[in-house]
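Enquirer: Quick one: structure below, then a few questions.
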Amino acid sequence: MPEAAEHHKCVIIGSGPAGYTAAVYAARANLSPILFTGKEPGGQLMITTDVENYPGYPDGIMGPQMMEDFRKQAERFGTDIRYEMITKVDLEGDVHSIWTEGGQEIKADSIIISTGASAKWLGLESEKRLTNKGVSACAVCDGFFFRGQEVSIVGGGDTAAEEALYLSKLAPPVHMLVRRDELRASKIMQDRVLKTENIKVHWNTEAQEILGEDEVTGVRVINNKTSEVSIIDVKGFFVAIGHKPNTDIFKDALDMDDTGYLITKSGSTHTNKEGVFASGDAQDHVYRQAVTAAGTGCMAALDAERYLTEKGII
Ligand code: NDP
């Protein structure tokens, strides 16, 4: 006989600023939340160094330390934290079901989704092999290691522009590899990039292979207009081609936009399914900040609490 599924009032999926903030609010509202961390407890901030723009830390704080503090605060009010991954959901009906990687079913009256987003990669074999050996998806985290050395960055959006500008202060010159003959970034960011002397934009250029055995020594690029192949000597190779929300498991269950971001009702965290709320980067491709994620995590817990009250569950 299979064991009866656990049944909880509030389940939170994800452990970044949104998930932990939802947990603090839900726990203090006596919802006895359980929180599934996913396979990267702490989320994207775990691969960040100094966080200087989170209010309340006048001297800045290291990303992993901040997430440790978030976790402790959630636990202090009784959140049950489970270091497991959720791999399947059924969000039909009043009581929802989710399943852990190990196949355990958990039933929940309300669910808060805070599964975040992950950086996109080019998909080159050499990119995988040299990750953390000169290849990075976060210039702000890792740029410092390449002070005074040539680096390249792939992408033409606001993130790539912002990161190229950041790198240009550390590493002369910065080679920006742009696959078209224009940037997608906002006009103001384009102007800044194009006016910065030590950022060299390579138009119509794609990375074919990152060179090096144990560390990056260069990148082989192709001009997709002329088919000319060349090598640029760089020590750091940054990828800034966007993020992908971690929402695959909700594909057939919830409304999402073309790129997979969950759709919430304006001014709230309600998804199209009753009792299911979305917060953080899984539903936000615009702001993507720790503080905005935490804010929507708080909103999701308050929305869940109101929903459970209206349903007469609490
Ligand atoms: P975007 O999707 O806006 O841009 C991605 C960039 O990467 C595009 O230039 C795209 O090229 C390029 N790209 C995608 N795939 C590949 C590939 N396989 N090979 C080479 N290049 C590739 O992502 P961002 O992360 O830059 O921005 C996401 C959102 O966040 C945007 O709305 C942006 O405005 C916002 N943002 C705002 C900031 C701010 O206001 N300060 C800072 C950072 C982000 P192509 O153009 O050819 O498609």
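Rule-based calculations on the coordinates, nothing more; no lab input. These figures come from a predicted structure and were not determined experimentally. Cβ coordinates were reconstructed from backbone atoms using ideal geometry, including for glycine residues, and neighbour counts include every protein chain displayed.
Enquirer: Determine the distance separating the Cα centre of the range 127-199 from the Cα centre of the range 271-314; give it in Å without decimals.
Expert: Answer, in whole Å: 34.
Enquirer: List 140, 286 from most exposed to least, where exposure is judged by having the fewest other Cβ atoms within 10 Å. List each step's numbers first, then the result.
Expert: Working: 140 18, 286 7.
Result, fewest neighbours first: 286, 140.
Enquirer: Follow-up question, since we're still on this one. Dipole magnitude of the range 247-302 about its Cα centre, charges +1 at Lys/Arg Cβ and -1 at Asp/Glu Cβ only, in debye to the nearest 20?
Expert: On the way: 4 positive and 8 negative charges, 40 e Å.
My answer is approximately 200 debye.
Enquirer: Name the residue from 110, 207, 79 whose Cα lies farthest towards the positive end of the charge dipole of the chain, charges +1 on Cβ of Lys and Arg and -1 on Cβ of Asp and Glu.
Expert: Among 110, 207, 79, the one farthest towards the positive end of the dipole of the chain is 207.
Enquirer: Below 10 angstrom from the Cβ of residue 8, what's the summed charge of the other residues (Lys, Arg +1; Asp, Glu -1)?
Expert: On the way: positive: 9, 107; negative: 6, 80, 109.
That works out to -1.
Enquirer: Lysines within cross-link reach of residue 9: Cα-Cα under 30 Å, excluding same-chain residues under 8 positions apart?
Expert: Within the straight-line limit of under 30 Å, residue 9 reaches these lysines: 39, 72, 88, 107, 244, 251, 265, 273, 311.
Enquirer: Can you find, among 144, 45, 295, the residue farthest towards the positive end of the dipole of the chain? Put +1 on the C-beta of Lys and Arg, -1 on that of Asp and Glu.
Expert: The residue sitting farthest along the positive end of the dipole is 144.
Enquirer: Same structure, new question: Within a 10 angstrom radius of the beta carbon, how do 113, 231, 188 rank from fewest other beta carbons to most?
Expert: On the way: 113 32, 231 13, 188 10.
So the residues, fewest neighbours to most, are 188, 231, 113.
Enquirer: Dipole of the chain, Cα-centred, from +1 at each Lys and Arg C-beta and -1 at each Asp and Glu C-beta, to the nearest 20 debye?
Expert: Values: 32 positive and 46 negative charges, 108 e Å.
Roughly 520 debye, rounded to the nearest 20.
Enquirer: Using the crude model of +1 on Lys and Arg Cβ and -1 on Asp and Glu Cβ, and no other charge, please compute the dipole size for the range 27-126 relative to its Cα centre, in debye to 20.
Expert: Value, rounded to 20: 120 debye.
Enquirer: Then there is this: Run the quick spin-label model on residue 252 and residue 288: label points 7 Å from Cα toward the beta carbon, then report their separation in nm to one decimal.
Expert: It is 3.0 nm.
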